[in-house]
1. Extension gain F71-S20, at 0.36 nm per residue separation less the Cα-Cα distance, in nm?
2. Which loop-located trypsin sites (Lys or Arg not before Pro) does segment 21-116 contain, where loop means any DSSP state but H, G, I, E or B and the Cβ has at most 14 other Cβ atoms within 10 Å?
3. Hey, what do the phi angles of segment 4-15 turn into as Karplus ³J(HN,Hα) couplings, whole Hz, using 6.51/-1.76/1.60 and θ = phi - 60°, x for Gly and Pro?
4. Can you give me the Cα centroid spacing of segment 28-57 and segment 70-99 in angstrom?
5. List, in order, the whole-Hz ³J(HN,Hα) value for each residue of segment 94-99 obtained from phi through the Karplus relation with A = 6.51, B = -1.76, C = 1.60 and θ = phi - 60°; use x for Gly and Pro.
6. Probe radius 1.4 Å, ligands and nucleic acids left out: which of W54, W29 has the largest accessible area, and how do the rest follow?
7. Can you send over the carbon and sulfur percentage of the accessible area for segment 1-140, probe radius 1.4 Å, protein chains only?
8. Taking the Cβ of D30 as the centre, find all other residues whose Cβ is under 14 Å away and add up their charges (Lys, Arg: +1; Asp, Glu: -1).
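The values are calculated or read from the model by the stated rules, or taken from the named source; none is laboratory data. Here the structure is a predicted model, which is why all the values come from computation and not from measurement. Neighbour counts run over all protein chains shown; Cβ positions are idealised from the backbone, glycine included. For the accessible areas, the whole protein counts, side chains as well, though only heavy atoms, and no ligand, DNA or RNA atoms are used. Shrake-Rupley method; radii C 1.70, N 1.55, O 1.52, S 1.80 Å.
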Amino acid sequence: MNKALIIKDTILAALAVAGSFAAQALGGWDTALQTLIIFMAIDYLTGLLVAAVWQKSSKSATGALESKAGFKGLIRKGLILMVVLIGVQLDEILGLQAFCRTAIILFFCGNEGLSIVENLGIMGVPLPDFVKEKFELLRQKGNPKE
């Protein structure tokens with residue numbers, strides 16, 4: 001077998017194990033987590049486009065693409081996943097059925113969705129009002145009042 005093929009297969013296997021471990025630690029690879037990851041990726045991509053093409057980013061002084069701002073965005077996305085992990089652990093220790101995790105994911109799906117709407121607005125992409133309302137509703141569902 002070709003040495004490069006063995007290296008490639010080893011790297012892919014390691015990534016698969018790491019991905020499986022991460023998904024399990026985050027409460028499982030269900031629709032909620034998939035949706036959050038998709039929203040995070042779309043938000044990051046639209047944020048990059050706002051900075052690179054439209055140069056109207058609020059994350060940099062000039063509004064243009066800046067590596068430091070992009071890195072901070074990735075760190076924020078990682079911290080969101082850390083908060084989901086905290087929710088999983090809270091559910092475990094309190095004996096809840098994924099209540100904290102689900103609320104956290106709903107809240108951040110709403111946040112990411114609103115950020116996507118904002119980015120698309122900067123790009124001039126019209127959206128129906130109900131889309132923004134649904135993202136706000138998601139955010140509110142993730143932040144229930146006691």
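1. Details: separation 51, 0.36 × 51 = 18.36 nm, distance 2.46 nm.
Gain on extension, F71 to S20, equals 15.9 nm.
2. K56
3. 5, 5, 5, 4, 4, 5, 5, 5, 5, 5, 5, 5
4. 17 Å
5. Result, ordered by residue: 8, x, 8, 8, 6, 5 Hz.
6. Reading off the accessible areas and sorting them downward yields W29, W54.
7. 68 percent
8. Cβ neighbours under 14 Å give a net charge of 0.
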